[in-house]
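Asks: Below is one structure. I have some questions about it.
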Amino acid sequence: MVPRDMDAANQDADLLVQFAQGDRLAAQALTDRLAPRILRFAARMLNDRTEAEDVTQDAMLRLWRIAPDWQDTGIPPAAWLFRVAANLCTDRLRRRRSGPAEMPDLPDDAPGVDAQMMQTRRAEALQAALAALPERQRQAVILRHLEGLSNPDIAAILMIGVEAVESLTARGKRNLTALLSGQREILGYEDEH
Amino acid sequence: MKMSTDKHLKTDADPLDAFFDAARDQAPDLSPDLRARILADAAGAMHKAASPAPSGLAVRHRVVDWLRGWAAPSLAGGITAAAAGFWFGVAAPLPVAALDAPLWLQDALFYFDVISTPLVGLDDPLLWGF
């Protein structure tokens, strides 16, 4: 039940059936509904746009291939797709770990930036901090706080219990707060005088 | 230290919310190129799934190929083996004792029975569960 309501989940499943029956418009609709979410998730997991696009294309290809055999097993297409994307990201991160470790590059705490620049700097700072989180915490935080999924949805995607999801997101947020604590300017804090 | 008046922050809000809001604002979009690649994959998968089912003639050819390939030779081999077994059974019956055990084993059992058994006080090695 990844979509915010069952209607969205049912629509995705219906579109998948229509695609399996040869409906090209269903493929377009599914792409527009699901691919942007997978791309966002993969980009945040991998911190690399090109790799995120590859993961998105690969995950969608697997969806197309499974469409003729799709069965309602209780997990909607969106959740299935997030699970595939998470596994693909894990594979890529594992390959990366065999190389030299990369430290996150947090932006400098520079004062005097305008609102738009501040938003950009916040997004960059968060991305850098996310990259420093353990993988499972990163997955949970992204799905919960950036994709807006419910804890039961995330539990279905990560194949863990709801309590484990709550624990992962709580620890992830604590770590993010610690990592970003030095970013007072872009946090929006000002020194008292 | 006090909270700023930034519109993304409230005094009672989680400071991380401002970062989450900013990240959502600047999320990557699906590029037309990637969308086209995904739809090309979809078309390819659809074409593959919609490939025509084998016609009746093709099915007959497959059956003939299957028979020529391995089914017929296997069947012929099975019939030959059965006929040979039947022939050996009818034409050259042997005493059952001759098939009971190899000669060297019969010799070994003989020596065990004649020489070893009296030493240990047993009449029959089969009593040991052999």
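Coordinate-derived values only; no laboratory data. Model, not experiment: these values are computed from the prediction. Methodologically, a virtual Cβ is constructed for each residue, glycine included, from the backbone with ideal geometry; neighbour enumeration extends over all protein chains shown.
Asks: Just want the ordering: B:79, A:142, from fewest to most Cβ atoms lying within 10 Å of their own Cβ. Present the calculation step by step, with values, prior to reporting the outcome.
Replies: Details: B:79 10, A:142 25.
Taking fewest neighbouring Cβ atoms as first place, the list is B:79, A:142.
Asks: The stretch A:27-90: which chymotrypsin sites (Phe, Trp or Tyr not before Pro) are DSSP loop and have at most 16 other beta-carbon atoms within 10 angstrom? Kindly include the intermediate steps, with their values, before the conclusion.
Replies: On the way: sites: A:41, A:64, A:70, A:80, A:82; in loops: A:70.
Those satisfying the criteria are A:70.
Asks: Right, here's the next one. Ranking A:118, A:159 by Cβ neighbours within 10 Å, fewest first, what do you get? Write down the numbers at each step before the final one.
Replies: Numbers: A:118 19, A:159 10.
Least to most surrounded, the residues fall as A:159, A:118.
Asks: Please state, as a whole number in µm²/s, the translational diffusion coefficient that the Stokes-Einstein equation yields for the stretch A:1-97 at 20 °C and 1.002 mPa s, with Rh defined as the Kirkwood radius across alpha carbon pairs. Please report the intermediate quantities before stating the final value.
Replies: Working: Rh = 13.6 Å.
Once the numbers are plugged in, D ends up at 158 µm²/s.
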